[in-house]
Amino acid sequence: MKQTISLGNQKKGCVTQGNETLEGQTSLIRALRGSLPYLEEFHHQVFVVCVNGELLQRDAAPKIMEELALLHRVGIQLVLVHDSQLLNQSSLDTSSFPVAVSRHDLTAIKQQIAAINWEFLTKLCLYGHGIMPLSGHFVTARADERFSTLETDSANGVVQEVDLVAIRETLQLRHTPLLAPWGTGQRGRLWLLEARELASEIAVRLQARKLIFLEDTPSPLMEKDRNTSILRQWLRQQTSISEINRLRLECMATACERGVTRCHWLDATKEGALLTETLTSGGIGLMVTNTAYRQVRAAKPSDIPQVWGLLSGPMRDASIVMRSTSYLEQHIERYRLFCQDEDVLGCCELISYPEQQTVEIAALSVALAYRNQGIGRELVNFVIGEIKRQGAQRAIALSTREDNVFMNCGFKECSLEDLPPDKRFNYDSPQSKIYLYSLVEPGKDRSTD
């Protein structure tokens with residue numbers, strides 16, 4: 001009897017373990033499918049990554065090097081910059097940022113930067129399998145005019161020229177440029193640069209796809225993404241933000257305004273932060289952009305797999321008629337998509353009834369992980385505007401939910417008689433309620449059936 005019970009428990013355990021394995025495989029497949037569009041999009045694109053020197057002393061350093069190596073191995077061209085950890089120097093005035101440095105302090109700081117550079121190279125060789133870093137003087141600099149009024153002989157500089165040819169040739173050879181925060185001036189004079197300003201300038205001049213700050217602290221903003229104009233407005237209103245954080249955010253905004261597509265601030269002490277931010281739609285840190293990150297657009301044939309996945313996914317509204325891939329192939333031009341980058345997070349279908357000047361908003365669906373974030377409402381409001389521009393007088397929709405997005409967008413519950421004849425004839429959703437939105441001003445004539 002005991003043996004029978006034991007065998008039964010073991011068998012049950014095997015089933016559980018098998019289910020867990022299957023779920024893990026399913027999650028892995030989904031993650032790979034989700035990352036493939038980004039891998040294709042970023043292949044041979046330049047990412048400029050500025051690494052906070054403090055991270056090299058953390059337990060997170062090996063994982064960071066591994067993630068950098070993975071991006072390198074899938075074809076992303078990395079240009080690495082590190083800072084000089086000036087805030088650790090108690091002899092320096094850190095009340096403002098960038099930190100003022102005199103020629104008297106420069107010798108000790110050069111030694112520190114060289115030590116950090118060497119440590120970075122060493123860790124890349126140890127943990128960054130496949131990365132071949134190359135460190136050198138790629139930047140010429142001049143005096144930073146912000147420090148011209150100081151009594152001391154300032155060693156602070158700003159970027160004057162970047163040897164783009166040398167950097168691009170290095171990238172073509174599959175090497176990874178590693179830049180320290182300094183530049184040489186006339187007669188070999190050395191100028192100390194602020195690392196994030198240096199990284200921003202290099203990203204702009206290289207026309208990099210991304211500028212990434214790997215920091216040892218999270219962004220002071222709670223939001224995951226910000227437009228540059230909104231970010232600058234927020235900065236003007238902030239009085240308590242630290243000077244270093246202000247500089248980081250201003251560098252990101254400036255880089256985007258000068259042509260860098262995306263800028264990111266990541267708390268790199270969290271494992272997987274770099275890969276999560278660059279290869280998934282949700283991300284994990286702050287992203288700044290000067291372009292449309294989220295948008296509603298018409299569907300294309302290449303969107304069919306993602307649209308079909310949304311419409312056939314779990315927890316879909318019972319009023320949504322299941323669409324086959326062949327149906328989508330024939331009618332994909334009817335669909336409007338809510339996209340985050342290239343990920344389709346929501347969709348709906350517009351079915352026109354010209355004789356009744358009515359358009360049905362059908363098959364409204366939002367990805368499960370992104371519900372209750374206003375995506376459905378934004379999608380419906382967008383298509384209402386489009387329908388109005390087309391000259392239609394009414395929009396209709398069906399839903400089984402009592403509290404639904406259509407009610408929140410101004411639709412009113414109506415009866416079966418309000419449906420166009422063709423829709424009424426094919427109506428087979430008795431559990432659904434019918435909603436109507438009038439697109440004509442009160443008092444004007446409207447079409448009837």
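None of the figures in this text is laboratory data; all of them are computed from the coordinates on show. In this text, all values refer to a predicted model and were calculated from it rather than measured experimentally. Positions of Cβ are backbone-derived with ideal geometry, glycine not excepted, and every protein chain shown enters the neighbour counts.
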Lys and Arg at +1, Asp and Glu at -1: neighbours of Asn52 with Cβ under 9 Å from its Cβ sum to -4
With mean projected area of the Cα convex hull in nm² defined as stated, name the option among (1) 32.3; (2) 37.9; (3) 25.2 computed from the structure displayed.
-> (1)
Hey, what angle do you get for helix 195-205 against the long axis of the chain, alpha-carbon based, 0 to 90 degrees rounded to 10?
-> 60
When we measure straight from the Cα of Lys110, which aspartates and glutamates land under 13 angstrom away, once same-chain ones fewer than 8 places off are left out?
-> Asp83
Determine one quarter of the surface area of the Cα convex hull of segment 294-438, which equals its mean projected area, and express it in nm² to one decimal.
-> 8.2
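Kirkwood hydrodynamic radius for segment 43-289: how many Å is it when counted over pairs of different Cα atoms? Intermediate results must be reported in sequence, preceding the final value.
Details: mean 1/r = 0.0550 Å⁻¹.
One over the average 1/r among Cα pairs gives 18.2 Å for segment 43-289.
Based on the Cβ-Cβ distance from Asp153 to Leu36, what FRET efficiency comes out when R0 is 51 Å, to the nearest 0.05? Write down the numbers at each step before the final one.
Values: r = 54 Å, r/R0 = 1.06.
Efficiency computed from Cβ-Cβ geometry: 0.40.
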Normalised Cα Rg of segment 169-294, dividing by 2.2 N^0.38 Å with N its residue count, works out at 1.12
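Using 23 Å as the Cα-Cα cut-off, could you pick out the over-long pairs in Lys224/Lys412; Lys388/Lys412; Lys224/Lys300; Lys210/Lys270; Lys300/Lys423?
The answer is Lys224/Lys412; Lys224/Lys300; Lys300/Lys423.
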Ranked by Cβ crowding within 10 angstrom, fewest neighbours first, how are Ser154, Ser324 ordered?
-> Ser324, Ser154
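If the chain between Glu257 and Tyr427 were fully stretched, how many nm would it gain, using 0.36 nm times the residue separation less the Cα-Cα distance?
56.1 nm
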Segment 352-398: percent of C-alpha pairs farther apart than 14 Å?
-> 52
Helix 375-389 sits at what angle to the longest principal axis of the chain, using alpha carbons and giving 0 to 90 degrees rounded to 10?
-> 70
